[in-house]
Amino acid sequence: MEKILSKRAVAISEFKRAPNEIVAEANGEPLAVLTNNKPSFYVISPSAYEELLEQLWELEITPLLAKRLSDLKSGKSKSIQVTIEDLIK
């Protein structure tokens with residue numbers, strides 16, 4: 001049996017019957033939709049999806065930022081002074 005990665009779960013037949021009602025009952029928490037007692041898909045709120053994407057972006061960008069910081073500290077790269085006005089021109 002596959003692990004269900006949410007506190008809430010619902011059978012797909014029930015989900016098909018009243019998807020909006022089921023999502024509203026979840027109160028923004030992730031919801032597993034099951035077929036034959038196995039997760040078919042998960043339903044998450046737009047805010048949870050946005051947070052997930054933000055965390056993925058941070059995982060992707062962190063190594064690049066760490067390398068750039070290391071290059072600055074070692075003198076391999078130089079910083080450029082700018083003002084807010086320079087950025088909005």
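The values are calculated or read from the model by the stated rules, or taken from the named source; none is laboratory data. Quantities reported herein were computed from a predicted structural model and do not represent experimental measurements. Here the Cβ is made from the backbone with ideal geometry for all residues, glycine too, and neighbour counts use every protein chain on show.
The residue that is farthest from the chain's Cα centre (by Cα), counting only those in segment 1-36 that are surrounded by 12 or more Cβ atoms within 10 Å (Cβ to Cβ) and hydroxyl-bearing (Ser, Thr, Tyr), is THR35. Number of residues in segment 37-62 that are surrounded by fewer than 10 Cβ atoms within 10 Å (Cβ to Cβ) and at pLDDT below 95 equals 2. All conditions in (1) of a type in the set (A, V, I, L, M, F, W, C); (2) outside any strand (DSSP E or B); (3) touching a Phe, Trp or Tyr at 6+ places or on another chain (Cβ under 9 Å) hold for LEU87, with the sole exception of (3). Scanning for something under 20 Å from the mean Cα position of the chain (by Cα) and part of a loop (DSSP other than H, G, I, E, B), does segment 56-64 turn up at least one residue? Taking every residue of segment 56-64 in turn, none turns out to be under 20 Å from the mean Cα position of the chain (by Cα) and part of a loop (DSSP other than H, G, I, E, B).
Any residue in segment 74-89 that's surrounded by 10 or more Cβ atoms within 10 Å (Cβ to Cβ): show its pairings with residues that are assigned to a helix (DSSP H, G or I) at Cβ separation under 7 Å, as long as the two are six or more apart or on different chains. Correct list of pairs: SER77/ARG68; SER77/ASP71.
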